[in-house]
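The structure under discussion appears below in the form of structure tokens.
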Amino acid sequence: VLTGDRENKIRVSVMPKPEDRMRFPGSAPEIQSFCYAHTAHVSCVRKVVQKPKVMEEWTTKDTFISASADSYLRMWDAASGKETDPGAAIAFNNGTIVDVATRYEGSHVAVALEGRDTLGVVHLTQFRGVPKLFLVGWGPKWQHAPQSIKFDRQMLLFGVGLKTNDDGSTSAVLMREGQVLDGLEITLSADEAAGKSLTTCFTKKIMSEDQRNSRKKDRRDVKLKRKAEEQL
């Protein structure tokens, strides 16, 4: 289980085995690692899925990608909680990353940025046994800036964006490869239309440094990190 939060970190948890859940009712996921590098809230986390033949060549099997409001895209090893290559993190200086979509065959990633109607295209590659991210460029223009994106099994890219109607109302529209699918839209209420993406909502709730430190001082991962530093 991969989760990102407003405190700029990612938590990797392992679900109990089915037999353990039967023997120990109520058993919870076990935290395997924490991932630290982002400097703003984590907007999305995506598992890298590779074809078996390709995955056999990867030295890091359990890899995943994270994106953040700090505009960085990073790749991680789930077991260790370390970046596969910190130097290969990609900075999108054009705005906040709101969503990432991974293709089923695992070779490319699409990146959606807040308010931008073109998507970043990132190639997943490996150099000397180390998985890396490589920015290819930008895809074609979409009719509306997508807030959420996802590839289907045929590797077609779908996205949801917002459009302003002639009467001033706002609708959420479904797009395929950048084009709006006729009839597949939902008119939003005034509150929904007023703002917005999940990232925007998160940004409004960003805590001060003092509030964050006060909240996390007794958190388990902070204690573990402090203990590890003391041992070093």
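The values are calculated or read from the model by the stated rules, or taken from the named source; none is laboratory data. All figures in this text were calculated on a predicted structure; none of them were measured in a lab. Reconstructed Cβ throughout: ideal geometry from the backbone, glycine too, with neighbour counts over all protein chains shown. Calculation scope for accessible area: heavy atoms of the full protein, side chains included, ligands and nucleic acids excluded. Shrake-Rupley method; radii C 1.70, N 1.55, O 1.52, S 1.80 Å.
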Fill in: Unsatisfied cross-links (Cα-Cα over 27 Å) in the set 9/227; 150/223; 9/163; 47/163
150/223; 9/163; 47/163
Item to complete: Calculate one ³J(HN,Hα) per residue across region 163-179 by plugging θ = phi - 60° into the Karplus curve 6.51 cos²θ - 1.76 cosθ + 1.60, and present them in order as whole Hz with x for glycine and proline.
Response: 10, 9, 7, 4, 8, x, 6, 10, 10, 8, 10, 9, 10, 10, 6, x, 9
Worksheet entry | Estimated FRET transfer efficiency (residue 125, residue 49; beta-carbon r; R0 22 Å; 0.05) | 0.90
Response to the item:
Each label sits 7 Å from Cα toward the beta-carbon; between residue 154 and residue 141 the label points are separated, in nm, by 2.7 nm
Response to the item:
Descending accessible area (1.4 Å probe), largest on the left, turns 104, 72 into 104, 72
Practice prompt. Report, by chain and number, residues whose modeled amide H sits under 5 Å from the one on residue 82, excluding near sequence neighbours (fewer than 5 apart, same chain).
Written response: 77
Discussion item. Per residue of region 128-143, what does 6.51 cos²θ - 1.76 cosθ + 1.60 with θ = phi - 60° give for ³J(HN,Hα)? Whole Hz please, x for Gly and Pro, Karplus curve as stated.
Written reply: 6, x, 10, x, 9, 10, 9, 6, 7, x, 10, x, x, 6, 9, 5
Worksheet item: Want the number for residue 104 to residue 213: 0.36 nm per residue separation, take away the alpha-carbon distance, what's left?
Response: 35.3 nm
Response to the item:
Simple spin-label estimate for residue 93/residue 17, 7 Å along Cα→Cβ, in nm, reads 5.1 nm
Discussion item. Run the simple label-point estimate for residue 7 and residue 222 please: 7 Å along Cα→C-beta, distance reported in nm.
Written reply: 0.6 nm
Practice prompt. Write out the trypsin sites (Lys or Arg not before Pro) in region 57-165 meeting two conditions: DSSP loop, and at most 14 other Cβ atoms within 10 Å of their Cβ.
Written response: 61, 128, 141, 153
